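The structure appears below as structure tokens.
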Amino acid sequence: MTDYKTIFGKNIRLQTSDLTMSTATEGELFYSDTDNELKVGIGVLAWTAGGNLNGPRDSLMTGDDSTQTAGIVFGGHIGPGMQATTETYDGSSWTEVGDLNTARQLGAGAGTQTSALCAGGKVPPGSTDKDESEEYDGSSWTEGNDMGTARYGLAGAGSQTAAVVFGGYVTAVLDQTEEYNGTSWSEVNDLNTAKYEVAGCGSQTAALGFGGYDTASSAVTEEYDGTNWTASNNLNTARRRTAGGGAQTDALCFGGLRAPSNTLATNTERYDGTSWTAVPSMGTARYYLGGLGASGTAGLAMGGLTSGSATAYTDATEEFSATITLKTLTDS
């Protein structure tokens, strides 16, 4: 134990009672004077049920910079109609707020609960590909300037005033990337691999794109540095219609349709800036879901379809978090 203080910068504490889950930290050792045992806090990642959306839907969009305790979702699809509904999450329940001006699905989202951006997607009638964007100020949506290319199945990352969107589909699979500065859109360097039904997260200068569909469900991951896209290590499970959240160096990917047979996925993967690692699976398999999160230990999944049926909509929300559990150390 002589190296413990050198490594962790703290002494082994003497406790008359156990540290609680809220006060223990991962790797923290203490000696229980009551139990006469040496114990350590172990971090455990898991999905748990959150508060349901106010209505079931799929193909919804989220604010990429919003978080597990201050999230925002908008748009989507249920039955024959597309949705304009916007909801915000406080860490336990969803509240309906001002609707989008144009109902749509399969667009891109960016920003926060009080400063969000919606771009592209499919809109009625006839599921027309959309190039319009809208900005949310915490209470209502205002139409912004149009993207250069109308499309759906694209991904977004960043903030309302510094966003990036990429991929998608019009009459063919796209590799195009556009940046938004809060006023106008500019086309920038393309993805290396064109795809749609892709997921993304991060910021305008440090974005991550993963999964999707090119000629089949994809495992391809690419990193954007504000100028160029660079191929990184693939997902362990190729998938489309997936979701995720976090930062370029600490992200999650969850749900979707898995290759090669388009089976529904519960499996979750975490990205550390280099490679993807399997972590605990979701409770409910689903695709066309929404996802967001601040990091690879704080994700939020909501909505989607829970079977191959086009009417199996869900309103379920799940939270992915790290908790601390106490383990007793033994000499074995």
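The values are calculated or read from the model by the stated rules, or taken from the named source; none is laboratory data. Model, not experiment: these values are computed from the prediction. Neighbour counts run over all protein chains shown; Cβ positions are idealised from the backbone, glycine included.
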- Taking only segment 53-82 into account, find how many residues are surrounded by fewer than 23 Cβ atoms within 10 Å (Cβ to Cβ), in a loop (DSSP other than H, G, I, E, B) and without any contact (Cβ under 8 Å) to a residue 60 or more places away in the chain. 2
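On the given criteria, is Thr183 over 30 Å from Thr215 (Cα atoms) and either polar (S, T, N, Q) or surrounded by fewer than 18 Cβ atoms within 10 Å (Cβ to Cβ) (or both)? Let's see the steps before the verdict.
On the way: over 30 Å from Thr215 (Cα atoms): yes; either polar (S, T, N, Q) or surrounded by fewer than 18 Cβ atoms within 10 Å (Cβ to Cβ) (or both): yes.
Yes, satisfied.
Is it the case, given these coordinates, that Gly43 is among the small types (Gly, Ala, Ser), modelled with pLDDT under 95, in a strand (DSSP E or B) and exposed (fewer than 15 other Cβ atoms within 10 Å of the Cβ)? If you could, list the steps in order and put the result at the bottom.
On the way: among the small types (Gly, Ala, Ser): yes; modelled with pLDDT under 95: yes; in a strand (DSSP E or B): yes; exposed (fewer than 15 other Cβ atoms within 10 Å of the Cβ): yes.
Considered against the rule, which asks whether it is among the small types (Gly, Ala, Ser), modelled with pLDDT under 95, in a strand (DSSP E or B) and exposed (fewer than 15 other Cβ atoms within 10 Å of the Cβ), Gly43 comes out as yes.
Does Gly273 qualify as being part of a strand (DSSP E or B) and either touching a residue at least 60 places away in the same chain (Cβ under 8 Å) or surrounded by fewer than 16 Cβ atoms within 10 Å (Cβ to Cβ) (or both)?
Numbers: part of a strand (DSSP E or B): no; either touching a residue at least 60 places away in the same chain (Cβ under 8 Å) or surrounded by fewer than 16 Cβ atoms within 10 Å (Cβ to Cβ) (or both): yes.
No; evaluated as a whole, the condition is false for this residue.
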- Message: For segment 237-264: of the residues being at pLDDT 95 or above and assigned to a loop (DSSP other than H, G, I, E, B), which is farthest from Tyr196 (Cα to Cα)?
- Response: Thr249
- Message: Just checking, does segment 122-131 include any residue being surrounded by fewer than 24 Cβ atoms within 10 Å (Cβ to Cβ), at positive phi and modelled with pLDDT under 95?
- Response: yes
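Look at Ala285 and say whether it is of a type outside the set (Asp, Glu) and not in a strand (DSSP E or B). Please lay out each step first, then the result.
Working: of a type outside the set (Asp, Glu): yes; not in a strand (DSSP E or B): yes.
Against the criterion (of a type outside the set (Asp, Glu) and not in a strand (DSSP E or B)), Ala285 qualifies.
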- Task: Exactly one condition in (1) part of a loop (DSSP other than H, G, I, E, B); (2) over 14 Å from Gln176 (Cβ atoms); (3) under 23 Å from the mean Cα position of the chain (by Cα) is not met by Asn145; state its number.
- Result: (3)
- Task: Determine whether Ala278 is more than 27 Å from Ala116 (Cβ to Cβ), in the same structural domain as Gly158 (by TED's automatic domain parsing) and not in a strand (DSSP E or B).
- Result: no
